[in-house]
């Protein structure tokens, strides 16, 4: 959920106004090791929707879901299984 804070700001005229500040969402995390994902922007869903598909997440397999090291390990396991079946 997006956290909203109310901040009091003094204007040059001396008047004090309340402005609403929306905090950035937390960084996306890897599903396996919980490390922050590189290449995934920290934006609100409305702003993410406006980005091109290639800007939302990395283009590799499992991009935006697994970090590069975990996806690399997954591919190695799959190749080992494939070679074992032969």
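Read the figures in this text as sums done on the coordinates, not as results from a lab. What you see is a predicted model, and the numbers here were worked out from it, not measured in a lab. Backbone-built Cβ (ideal geometry, glycine too); neighbour counts: all protein chains shown.
Considering only alpha-carbon pairs that sit under 8 angstrom and 6 or more positions apart, the relative contact order computed for the range 24-85 is 32 percent. The angle between the Cα long axis of helix 68-85 and the longest principal axis of the Cα atoms of the chain comes to about 20 degrees, rounded to the nearest 10.
On average over all directions, what projected area in square nanometres does the chain have, based on the convex hull of its Cα atoms?
Reported value for the Cα convex hull: 8.3 nm².
The packing ranking of peptides 25-32, 43-50, highest mean first, is 25-32, 43-50, where packing means the average number of other beta carbon atoms within 10 angstrom of each residue.
Protection proxy ranking, highest mean first, for peptides 74-86, 55-67: 55-67, 74-86, where packing is the per-residue count of other beta-carbon atoms within 10 Å, averaged.
Extension gain for residue 54-residue 38 works out to 4.4 nm (0.36 nm per residue, less the C-alpha to C-alpha distance).
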